[in-house]
Structure formats: C-alpha cells, structure tokens
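To start, the structure itself, in structure tokens.
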Amino acid sequence: MAYMVVYISRFILVFLFALYTFDCFFSLRRGVTRENQRRMYHRQVFIMYVILLDLNLCIYVSTNNMMIIVFMLAQMLFFGVCMLIYRKIYKHASYALINNMCMLMTISFAILARLDFNNAIKQFIIAAVGMVATCFIPLMISKLKMWNRLKWIYAIVGIAGLLLVLVVGSTVYGAKLNINLGPITIQPSEFIKIIFVFFVAAMLYVLPEDDLSKMKIDFRSKDFRKVFVATVVAGAHVLILVLSKDLGGAVIFLFTYIVMLYVATRKILYPIIFMAVSVVGAILMYFLFNHVRVRVAAWLDPIGTIADQGYQVSQSLFAIGTGSWFGMGLCQGMPDKIPVVSQDFIFAAISEELGAVFALCLIFVCISCIFMFFNIAMEIRDQFYKLIALGLGTLYGIQVFITLGGVTKFIPSTGVTLPLVSYGGSSLLSSIILFAIIQGLYCRQFDESSEFDE
C-alpha cells in the first residue's frame with residue numbers, strides 16, 4: 001500500500017510543480033492584468049499546500065511516524081501566517097516572492113524530514129524565528145533613508161567578521177567557515193555577503209551611468225578613486241575568504257562585485273581586468289591549496305577517483321541518473337549514500353527521489369526569483385537601491401549556479417548551499433533576510449512611483 005501511494009504521488013507532484021512553475025513565468029509576462037496575476041498567485045498557494053500534503057503523506061506512509069503529520073500541520077500554519085503577515089502589513093508586497101520563498105522551504109522541509117527528521121525540525125524552528133525577526137525589514141528598507149550613508153560601517157563589520165572567522169573559526173572540510181558559540185554554530189560569511197552588497201552600492205551609486213567611453217579609464221578622476229577604494233575593500237573581503245580557504249564564498253563575493261562595478265561604471269574594461277585576475281588567482285589557488293587540487297581531480301574524473309576524492313561527486317551523479325524523469329519516490333532511494341547530502345548535495349537527493357522533471361522545475365523557480373530581482377532593479381529609479389537589488393540578485397544567482405554546477409559536475413564542487421533548500425541555519429536565515437530586503441525594495445518602487453506621479 002505504501003509503495004503504491006509513493007508511486008502514484010511521483011506523477012502528481014511533477015504535474016503540480018510544473019503547473020506552479022508555469023505560473024511563475026506566465027505571471028511575469030507583459031500585458032497580464034493585475035487581477036489575472038492575483039488569480040495565478042492564489043492558485044500557486046493552493047498548489048503549494050497540495051504538494052506539502054502529498055510530500056508529507058509519502059513520508060508518513062513509508063515511516064509510520066506520527067510526528068510527520070504534526071510537522072505537516074505546523075508547516076501549514078507557518079506558511080499561512082507568513083503570507084498573512086506580508087499581505088496585511090505590506091500593501092504592495094510581491095505575492096510571487098512570498099510564494100516562491102514558501103515553496104522552496106516546503107521542498108526543503110520535506111526532503112530534510114526524509115533524510116533526518118531532527119534536522120528538519122531544527123530547520124523549521126530557524127525558519128519560524130527568522131520570519132518573525134525579519135518581517136519588519138521591508139518596512140525599514142522602504143522607509144529609512146540612511147542606508148547609503150553607512151558604507152564604512154558596512155566595510156568594518158564585514159572585514160572584522162571575516163577576520164574573526166580566520167582567527168578563531170572552526171575548520172570544516174578543509175576551510176574555516178564557522179564560529180561555535182556553545183551549541184550554536186554561525187557562518188558569518190552568509191550574512192556578510194549581504195552587508196558587502198550594501199557597501200559596494202554605497203560606494204558606487206553616485207558614479208555616472210552615461211559615460212560613452214566604455215573602455216577608457218581616467219586614473220585622475222574622482223570616480224576612479226572611488227572605484228579604487230571600493231576595489232581595495234572588496235579585495236580585502238575576498239583575500240580573507242581565500243586565506244580561510246572558503247573558496248566558494250570568495251567566488252560569490254568576487255563575481256557579485258564585478259557585476260555591480262560594471263553596472264555602476266558602464267566600463268567594460270573593469271570586468272575584463274577582474275576576470276583576467278580571477279583566472280590567474282584560480283591557477284595560483286590550485287597550486288597553493290591541496291584541497292583545491294583534490295576537488296579539481298574529483299571534478300575531472302570522479303569515477304576514476306571514486307575510492308577517494310571522487311566518491312561524493314560520483315554518488316551524486318549516480319543518484320541523479322537513478323532518479324530518471326519521475327524519481328524513485330520519497331523514501332525509496334538511497335540519498336544517504338552521498339556525503340553531506342543535506343547541505344551541499346541536496347539537489348542530488350531531490351533528483352533521485354522526486355525525479356529530473358521535478359528538479360528542473362526547482363531550477364526554474366530559482367531562475368524566476370532571479371528574474372524578479374533583476375526586474376525590480378530595473379524598475380527602481382534611485383541608483384543606490386537599484387544596485388542593491390542587482391547585487392542581491394547576482395549574489396543569489398551565482399550561489400544557485402555554483403551549487404547546481406558542483407552537484408552535476410559542471411564545475412568543481414565548492415561547498416556552497418542551495419538557498420532556502422539546503423540544511424543550515426545561517427544559510428536559511430541569510431536567504432530569508434535577502435528575500436525580505438527584496439520585498440522592501442519592491443515596496444519602495446511603488447513609493448517612488450507615487451512620488452513621481454505627484
């Protein structure tokens with residue numbers, strides 16, 4: 001009986017998630033009326049709850065653990081309260097962002113409950129606390145006017161936090177990532193990356209956008225001095241992360257800065273220079289750090305090194321291939337064979353048990369979030385907030401790309417989590433903060449439109 005429920009649920013889940021994903025993109029089309037959008041967003045909420053029910057039912061019939069039903073009811077209440085808070089407090093909140101955030105967490109809670117129920121409970125508690133703690137962030141972003149005047153506070157807090165990890169941080173898989181505070185473990189870089197975006201935006205937002213000399217750089221200009229200072233501080237962030245051997249974090253910081261710098265200056269020569277430096281830096285890190293050589297070897301030939309460094313990537317590829325289009329069904333696969341599966345390789349577990357079609361829909365939901373971030377950036381008139389939306393969208397997009405690239409052997413694995421899906425309190429909380437800031441920017445664009453109309 002349990003097998004039949006899980007078997008049939010595979011197709012129901014794929015159909016429902018595909019319909020949800022279709023609405024994500026169709027609602028962004030030009031010409032779609034606000035009333036039609038609202039109808040699609042309400043349909044997404046209904047689909048999300050049916051998926052939540054289906055996922056937890058599959059786990060329950062496979063485990064006979066009554067706590068799964070209690071956990072499911074707690075999730076339903078939690079998501080209902082989240083949506084109610086945003087829709088009642090914020091008149092112009094983006095329903096699409098709320099729905100996507102809740103949908104990604106729905107998938108996260110289900111797959112974590114299947115892998116380790118205790119981790120799922122911890123993740124749920126952090127999400128609940130995070131939503132309560134961050135529900136006023138959109139109001140602060142949309143109403144307070146002082147965010148562009150705190151650039152040196154952003155810089156000091158960011159560098160000091162990363163230095164603290166370098167000095168007293170605990171080593172995890174060859175890299176210094178966390179600070180242990182008794183039973184609580186914090187990964188400061190997850191929060192500092194958001195502060196970093198605010199610093200870069202505050203440093204560069206006054207630079208001219210209409211300079212037609214795209215390749216020319218005036219070394220005597222005031223704008224170049226600002227770029228130089230911003231680059232030195234950004235380089236300090238990246239260097240500390242490299243010294244901590246947090247290479248995934250270093251890549252995220254670096255590429256976010258390159259994109260923000262180009263958009264702020266409109267000079268193509270800057271990203272060309274930085275990309276060249278990045279290539280040289282990557283080659284140096286390969287020769288300087290043994291764990292980088294290990295990950296590159298695992299990437300180049302995971303099957304040939306399956307007994308050693310290639311084991312994790314090989315198991316990930318086996319899991320993705322075994323799942324085929326519609327998956328093995330929840331609790332029917334062997335995702336626990338993949339080391340650190342709930343963090344770095346959770347996408348492989350999803351692919352194995354829920355299937356490639358479901359996993360592709362998950363990717364497209366993440367892509368729709370990126371589109372919304374960039375769309376908000378284009379709509380905002382204030383360049384400071386425009387750069388923040390762009391930076392956060394870039395940061396989120398790069399993190400998704402690095403995570404999925406490592407799991408599928410497209411790029412070497414760097415130990416980066418999938419936002420809102422992977423297990424990890426710091427990652428989850430920083431992602432909730434990121435989405436809350438974007439909500440504030442979305443509300444702010446309506447305030448700008450009202451002021452412009454007046």
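One table, with the values for the structure above:
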{"item": "Dipole magnitude of the range 337-387 about its Cα centre (Cβ charges: Lys, Arg +1; Asp, Glu -1), debye to nearest 20", "result": "120 debye"}
{"item": "Residue range of the chain that is longest and free of chymotrypsin sites (Phe, Trp or Tyr not before Pro) which are both DSSP loop and sparsely packed (at most 15 other C-beta within 10 Å)", "result": "1-135"}
{"item": "Proxy reagent accessibility, fewest Cβ within 10 Å first, across Cys82, Cys366, Cys58", "result": "Cys82, Cys366, Cys58"}
{"item": "Bins of 5 Å from zero: percent of alpha-carbon pairs in the range 300-454", "result": "2, 9, 16, 18, 16, 12, 9, 7, 5, 3, 2, 1, 0, 0"}
{"item": "Linear extension gain, Arg149 paired with Asn64, 0.36 nm per residue minus alpha-carbon span", "result": "25.0 nm"}
{"item": "Cα→Cβ-extended label distance, 7 Å offset, between Val206 and Val81, nm", "result": "4.4 nm"}
{"item": "Under 19 Å from the Phe289 label point (7 Å along Cα→beta-carbon), backbone N, the range 238-277", "result": "238-258, 275-277"}
{"item": "Among Gln187, Val259, Met203 the positive-end extreme of the charge dipole of the range 147-270 (Cβ point charges)", "result": "Met203"}
{"item": "When each of Lys267/Lys386; Lys91/Lys122; Lys226/Lys386 is checked by Cα-Cα distance, pairs over 28 Å", "result": "Lys91/Lys122"}
{"item": "The range 88-185, Cα convex hull volume normalised per residue, Å³", "result": "156 Å³"}
{"item": "The range 303-394: trypsin sites (Lys or Arg not before Pro) in DSSP coil with no more than 14 other Cβ atoms inside 10 Å", "result": "Arg381"}
{"item": "Rounded D (µm²/s) - the range 251-380, Kirkwood Rh over Cα pairs, Stokes-Einstein at 20 °C, 1.002 mPa s", "result": "122 µm²/s"}
{"item": "Förster radius 45 Å - calculated FRET efficiency between Leu360 and Val229 (Cβ-Cβ, nearest 0.05)", "result": "0.55"}
{"item": "P(r) of the range 147-270 over all Cα-Cα pairs, binned every 10 Å from zero, in whole percent", "result": "13, 42, 28, 13, 4, 0"}
{"item": "Under the Karplus curve 6.51 cos²θ - 1.76 cosθ + 1.60, θ = phi - 60°, whole-Hz ³J(HN,Hα) for the range 425-440, x wherever Gly or Pro sits", "result": "x, 5, 4, 5, 5, 5, 5, 5, 4, 4, 5, 5, 5, 4, 4, x"}
{"item": "Potential extension, Ala297-Leu164 segment - 0.36 nm per residue separation minus Cα distance", "result": "44.8 nm"}
{"item": "Projected-area mean, the chain, by convex hull of Cα positions, square nanometres", "result": "22.6 nm²"}
{"item": "Average Cα contact separation per residue, the chain, under 8 Å, 6 or more apart, as relative contact order %", "result": "21 percent"}
{"item": "Size of electric dipole in the range 147-270: Cβ of Lys, Arg +1 and of Asp, Glu -1, about Cα centre, debye, nearest 20", "result": "280 debye"}
{"item": "Length-normalised contact order of the range 147-270 in % [C-alpha pairs under 8 Å, at least 6 apart]", "result": "30 percent"}
{"item": "Candidates per trypsin sites (Lys or Arg not before Pro) in the range 1-57, loop by DSSP, up to 14 other Cβ within 10 Å", "result": "Arg29, Arg30"}
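Here, each number is a calculation from the coordinates, and none is a lab measurement. The model shown is predicted, which means the values in this text are computed figures rather than measured ones. FYI the Cβ positions are ideal-geometry reconstructions off the backbone, even for glycines, and counts take in every protein chain you see.
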